[in-house]
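Trainee: Shown below is the structure under consideration.
The values are calculated or read from the model by the stated rules, or taken from the named source; none is laboratory data. Predicted, not measured: the structure shown is a model, and the values here were computed from it. When we count neighbours, we look across all protein chains shown, and the Cβ atoms used for this are built from the backbone with ideal geometry, even at glycine. Protein only, heavy atoms only, side chains kept; ligands, DNA and RNA dropped before computing areas. Shrake-Rupley method; radii C 1.70, N 1.55, O 1.52, S 1.80 Å.
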Amino acid sequence: MRKTLSLLKIFVFGVLASSLVLIYLQGRVAIVQEEQYLLGTYFRIKAQSRSQDQAHQAVREAFAEAKRLAEEFSRTGTGSLGELNRQGCCAAVQLTDDVLTVLEAAQKYRELSDGAFDPTIGKIVDLWGFTQDWDRAGVGRIPSEEALRPLVEAPRNILIDPQTKTARLSSSAVAVDLGGIAKGYIVDRVVEILKKHELESALVDAGGNIRVFTLRSRRVLWWEDRRPFRIAVQHPRDERKIIGILEIWGDRALATSGDYQRCFFADALGNIFPCRYADEPDKIRYHHIMDPKTGKPARGLISATIVAPTAMEADALSTAVFVLGEQRGLALIESLPDVEGVLVTEEGRILTSSGLREASFPTELP
Amino acid sequence: MRELVRTVRRYLTWGDYMLIALVLLGASATIPLLHKNAEASGRWAIVRVDGQIVHQLPLAKDQEVTVIGPAGETVIQVQGGRVRVLRSPGAQEICMRQGWIHKPGQALICLPNRVTIEIPGDSGIDAISR
């Protein structure tokens, strides 16, 4: 009897120990994070999965797709967008499905924003020196009125034929620049690929163009990290600071347009100085977000952050809202479902849309 | 079944109960630790060029390290448990202006030279929209 009982005791302890080990293994979540230099920025993907292999596979496939699309959307690259710009005015160019989709979306946002978002101003942006290899030079130039006027006044259109999947440019004043929307599209495509794998959650960050998702339908054990994604909004005048944190559950995207991202300063004598977050005394800041109506950097806001269901929407709307300014920008945000925003004005006031009232943002730049 | 429970109860001593309770308590206390990669957190600076790790610098050791990126040399300084970028090509100088970092989750990004310096760990912030 005693012997059986002591065996029983060992058995009970054994079951207890092995079930603990099983719980450990079950609860373990693998995190895979990788970053690559793409689209002139750091492209970071972080995937969480119960299976390390699954997460690795997902991230690998995601980067392969991001690389393919980066070439596709390069203004000067070998993709169909590069071809459209090389052809210049009036010849129809065959487009890939990706480029066609984004061109059509760009047209949609152009109408929605009353022309504040405009994919046809590539030549105007070039004139200011904010070209693709801007990062190396770090400075631009102020174009003359004579050079700017014909580009601003010419009707600029992209004529898309969805049947034949072709497009042509309406005049030689047009160069297509999808810089304000393509990155968002690529992030969305990457997220689509990640979602096909059995991930718990993932974060895609293309230099501040962010989309996250958490699959909440899965049963979550009590000790697991169930915190939301916490995304900070950059302080537009200090690279070491943030102005607030947004807590994101589920599937959301964020993008910020700011006058500190690509800029230069000019003094009264016309000397040019490199871009800085902080303002420079006695110098004027010129930045890369052009008001299509004037061909000059948009004034009024210094940063516009948009939270939206997709990264493409957030990307395009952050540019549009930045150009539209405080009142019309906020009105646009409020008119769209599931879209929120944080705006910073030239005077340093911080405005949040109605859905972000609970988020703890200060009303003035700290 | 009741017979079995009664026998087991009679047989298990006070010490056994304590032991079971201790094992359970100890195990549940360590579970959350499993979900943090505690080893690297806050004690190293990971230097990457073009996404590839080129250095893992212990923050406890003061030193200067130079890495070569596509735009030139980036000089990284570790001192007193903190790390900063002393020199890096690029007119905007963002990574130099960010100054010292020392907390887990902080990072310096020298974009033109494709150099990143990261202190692994959880800062509570997953990304910055900029």
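Trainee: Which value, in Å² and to the nearest 10, is the accessible area of B:ARG97 when all protein chains are kept and the probe is 1.4 Å?
Mentor: 90 Å²
Trainee: Give me the accessible area of A:TRP134, 1.4 Å probe, in Å² rounded to the nearest 10.
Mentor: Approximately 0 Å² for this residue.
Trainee: If you don't mind, another one. Report, in listed order, any pair from A:LYS123/A:LYS296; A:LYS108/A:LYS196; A:LYS183/B:LYS103; A:LYS165/A:LYS195; B:LYS61/B:LYS103; A:LYS46/B:LYS61 with a Cα-Cα distance greater than 21 Å.
Mentor: Result: A:LYS108/A:LYS196; A:LYS183/B:LYS103; A:LYS165/A:LYS195; A:LYS46/B:LYS61 exceed 21 Å.
Trainee: Expressed in whole Å with the largest first, what are the equivalent ellipsoid semi-axes of the protein assembly as shown derived from the C-alpha gyration tensor as the square root of 5 times each eigenvalue?
Mentor: Value: 50, 26, 21 Å, ordered largest first.
Trainee: Could you state, as a whole-number percent, how many of the C-alpha pairs of region A:215-366 are farther apart than 27 Å?
Mentor: More than 27 Å apart: 28 percent of the Cα pairs in region A:215-366.
Trainee: Moving on to the next point. Please list the radius of gyration and Dmax for region B:44-129, considering alpha-carbon atoms only, with Å as the unit.
Mentor: Every Cα atom of region B:44-129 included, Rg and Dmax give 11.8, 33 Å.
Trainee: Over the protein assembly as shown, with every protein chain in place, what whole percent of the accessible area is carbon and sulfur at 1.4 Å, could you tell me?
Mentor: Here carbon and sulfur together make up 54 percent of the probe-accessible area.
Trainee: Using only protein heavy atoms and a 1.4 Å probe, how much accessible area in total is buried between A and B, to the nearest 100 Å²?
Mentor: 4300 Å²
Trainee: Mind giving me the FRET efficiency for B:THR30 and B:ARG2? R0 is 41 Å, r the Cβ-Cβ distance, nearest 0.05 is fine.
Mentor: 0.70
Trainee: Helix-only estimate, please: 222 nm mean residue ellipticity of the protein assembly as shown, summing -39500 (n - 2.57) across DSSP H runs of length 4 or more and dividing by its residues, to the nearest 500.
Mentor: -10500 deg cm²/dmol
Trainee: Relative contact order of chain A: what whole-number percent is it, with Cα pairs under 8 angstrom and at least 6 residues apart?
Mentor: Across chain A, relative contact order equals 15 percent.
Trainee: Looking at chain A as a GNM with Cα springs under 10 Å, which of A:GLN36, A:GLN54, A:GLN163 has the largest mean-square fluctuation?
Mentor: Of A:GLN36, A:GLN54, A:GLN163, the Gaussian network model singles out A:GLN163 as fluctuating most.
Trainee: Step by step: find N for region A:295-366, compute 2.2 N^0.38 Å, then divide the Cα radius of gyration by it. What's the final number?
Mentor: Rg over 2.2 N^0.38 Å, computed on Cα atoms: 1.03.
Trainee: Cα centroids of region A:169-216 and region A:276-347: how far apart, whole angstrom?
Mentor: A separation of 19 Å, based on Cα centres.
Trainee: Okay, moving on. Can you tell me the dipole magnitude for the protein assembly as shown around its Cα centre, using point charges on the Cβ only (Lys, Arg +1; Asp, Glu -1), in Debye to the nearest 20?
Mentor: 2260 debye
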